[in-house]
Amino acid sequence: MPEHEQDEEDDRKFGMALDGHGNVVFVGRPDWATKAKAIKVNQNAKKGPVEDRRHMLHWDEQLKPILASVIGAMFKEHGNAGPKLKQALLGPLKGRMQRVTGNENEIAERVAKEINGAVVNLVPDRADINKAIEIVRERVRKLIRKLTDDPELTAKVGEAMRKPSANDAIMEVYLDEASQELLGGTSDDTEIKSQVQDICFQIVGLVQSCRAPCDFVMLLQQVSDSVTFDLSQKAQRGQTRRTLAWLRQMESNVRDPADKRYEAMLTLLD
């Protein structure tokens with residue numbers, strides 16, 4: 001689904017709960033925090049391209065899983081309720097958030113709302129590109145799944161493997177499938193579909209440089225990750241550097257103590 005103004009369309013009421021295994025689960029999507037609402041966007045097509053507050057690191061792809069992991073670790077470390085957990089959650093928020101009240105779940109939900117609306121991770125930019133990125137991401141992932149899950153495609157690959165130049169034959173199958181999957185269904189002349197086509201043409205150009213099936217698969221995985229990070233032309237260099245550094249830190253500290261991970265996560269708000 002598109003990460004657009006009120007980003008991803010999710011009608012479920014936002015909230016946090018513990019599942020049957022004691023894991024933290026966030027459902028729905030938080031409203032924009034106050035600072036995020038202050039980012040001006042053009043919603044009048046007569047004044048230029050319609051804009052959204054676009055995430056560089058997206059809610060479903062990175063922010064929500066990180067929040068669930070870190071908050072879940074805090075709950076397991078300090079107990080699922082009580083003053084010890086509440087203090088552990090509130091302590092690092094001083095100087096970062098004001099008027100944080102409620103029980104442990106409500107504090108965690110407030111943290112999630114602020115992380116989702118972290119200004120450093122938001123850029124006011126064209127809504128059509130924003131929506132196109134989501135469509136491209138799903139097309140790339142569908143192509144990756146088909147490489148192993150689609151019987152017709154795997155049969156073609158099996159046949160290609162029996163040919164004298166098996167490597168070239170397999171690549172021909174892969175490249176043909178990439179063109180069909182990524183470039184199909186983009187003939188309608190709309191702004192979103194035009195952006196989808198432009199991005200997909202670039203991806204097809206990239207995969208055509210592959211000389212081996214393993215390189216093709218690896219490149220698709222990298223492309224899937226790259227369209228997960230929204231490289232907006234309006235993002236300042238410092239924003240891109242900070243958000244990527246934060247993501248690398250959160251991906252590398254999964255074995256650190258819960259309090260340390262929680263403090264690191266909150267640096268996105270600094």
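Every number here is computed from the coordinates shown, using simple stated rules; none is lab data. Because the structure is predicted, anything quoted here is derived from the model rather than measured. Reconstructed Cβ throughout: ideal geometry from the backbone, glycine too, with neighbour counts over all protein chains shown.
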Problem set entry | Of K13/K86; K113/K260; K64/K84; K142/K193; K86/K131, pairs whose Cα-Cα distance is over 28 Å | K86/K131
Exercise. Averaged over all directions, how much area does the convex hull of the C-alpha atoms of the chain cover when projected, in nm²?
Worked result: 17.3 nm²
Exercise. Charges only on Cβ, +1 for Lys and Arg, -1 for Asp and Glu: so what's the dipole of the chain about the Cα centre, in debye to the nearest 20?
Worked result: 1220 debye
Exercise. Could you give the dipole magnitude of segment 127-226 about its Cα centre, charging the beta-carbon of Lys and Arg +1 and that of Asp and Glu -1, in debye to the nearest 20?
Worked result: 320 debye
For this session: Return the single residue from F26, F201, F75 with maximal mean-square fluctuation; model: Gaussian network over the chain, springs between Cα atoms under 10 Å.
Result: F201
Problem set entry | Additional length obtainable on full extension of the chain from D176 to T34, 0.36 nm per residue less Cα span | 46.3 nm
Seminar exercise, completed: Here, segment 127-226 modelled as identical Cα point scatterers in vacuum has Debye log10 I(q)/I(0) at q = 0.10 Å⁻¹ of -0.28
For this session: Would you be so kind as to identify which of Q180, P164, F201 lies farthest towards the positive end of the dipole of segment 149-213, taking Lys and Arg as +1 and Asp and Glu as -1 on Cβ and the Cα centre as origin?
Result: P164
Exercise. How do 131-138, 259-266, 99-106 rank on mean C-beta neighbours within 10 Å, highest first?
Worked result: 131-138, 259-266, 99-106
Seminar exercise, completed: Residue separation between K47 and K94 times 0.36 nm, minus their alpha-carbon distance, gives in nm 12.9 nm
Exercise. On a 0 to 90 degree scale, rounded to 10, what angle separates helix 213-226 from the longest Cα axis of the chain?
Worked result: 40 degrees
For this session: Mind giving me the nanometre distance, one decimal, between the label points for Q202 and D215, set 7 Å out from Cα along Cα→Cβ?
Result: 2.1 nm
